[in-house]
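Notes follow the structure.
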Amino acid sequence: MANLILASSSPRRKELLAQLGLKFDIFSPEIDESVHDGEQAHDYVRRLAEQKAQVVLAQFPDAVVIAADTSLSLDGQIIGKPDSKQHAFEIWQSLSGRQHEVLSGLCVASQHKTISTVVSTKVDFQSLSHHDMEEYWSTGEPVGKAGAYAIQGIAAKFVPRIEGSYTNVVGLPLHETSQLLNQILKNG
């Protein structure tokens, strides 16, 4: 197998990719993650995943690169990571008692071929009280997480139902990653 690189420093993505039994290196590229004017969440996560893959591929041209970017979408708005406690509370208030969409842009690239896709999962979020929010914030878990929550952690108690890929909500849709990786490796 070609040298495989995960273009992410996310411990969740590292753990997920390891579940596929693959040996890989990690290299986290620096890219501008600003949302372009009028950009839809679907296009945003695909663009970022493709940019991450291309930046890493430029430095390691003989590698096969896996890159992903995950964001939430609610009412057509991109919901990223909280930049403060107040921001996290605002995010939770908007998600509270509603369904949102978790989107992951996924890109697998080699010097011969690049394939990308977007995976969508619908997530129902329970209504949160102010006490719920205070208690969850105090755990530290929401920091650095898209949507200010981690479904694989304490926040699982706030999610009564999902429709789609669980690993997508965690940050790397494994089924689709495996499929794209197989397509790249078949074609050299």
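No value in this document is a laboratory result; all are computed from the given coordinates. Source: prediction; values computed, not measured. All Cβ positions, even for glycine, are placed from backbone atoms using ideal geometry, and neighbour counts span all protein chains on display.
The table for this structure:
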read-out: Folded to 0 to 90 degrees: helix 174-186 orientation relative to the chain principal axis, Cα; value: 10
read-out: Per-pair calculated FRET efficiency, R0 = 45 Å: residue 185 and residue 94 via Cβ, rounded to 0.05; value: 0.65
read-out: Gyration tensor over alpha-carbon atoms, segment 4-186, equivalent ellipsoid semi-axes in Å; value: 29, 16, 15
read-out: Rounded, prolate or oblate (a/c below 1.5 giving rounded, otherwise prolate when a/b exceeds b/c) for segment 2-51 by Cα gyration tensor; value: prolate
read-out: Within the chain, helix-based [θ] at 222 nm, where runs of 4 or more DSSP H residues each add -39,500 (n - 2.57), nearest 500; value: -10500 deg cm²/dmol
read-out: Relative contact order %, the chain, counting alpha carbon pairs below 8 Å whose residues are six or more apart; value: 23
read-out: With Cα atoms, 0 to 90° folded angle of helix 85-95 axis to the chain main axis; value: 90
read-out: Subset of 145/186; 14/186; 23/85; 85/113 violating a 32 Å alpha-carbon distance limit; value: 145/186; 23/85; 85/113
read-out: Where a label projected 7 Å from the Cα of residue 60 along Cα→Cβ would reach, residues of segment 22-49 with amide N under 12 Å; value: 23-29
read-out: Virtual spin-label span in nm between residue 83 and residue 134, 7 Å along Cα→Cβ; value: 2.7
